[in-house]
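Below: one structure, written as structure tokens.
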């Protein structure tokens, strides 16, 4: 089963800020598809009031900052066999 995080509001606009997972910060998050941001110590992402700002450049695949203070939404790709099947289906 695939889990995808959705970071859009009800109007399908990219959210400006995302909440940080407090359970993850304490080492207690066990949700397989947590809807909150998991940050590692020392990532350099700026956290204000337990929220991070989304990097709009990274969302477009165009962030050129070597050390970006904004959160880059991770891209979770399906496993290789699923990607291959999708690729052959779309051709």
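Test of understanding: what is the full-extension gain from residue 67 to residue 50, defined as 0.36 nm times their sequence separation minus their Cα-Cα distance?
4.1 nm is the gain from fully extending residue 67 to residue 50.
Run the numbers for residue 17 and residue 82: contour at 0.36 nm per residue of separation, minus the present Cα-Cα distance, in nm.
This chain segment gains 20.3 nm when fully extended.
Only the coordinates and a few stated rules stand behind these numbers; no lab work does. Note that the structure is a prediction, hence the values are computed from the model and not measured.
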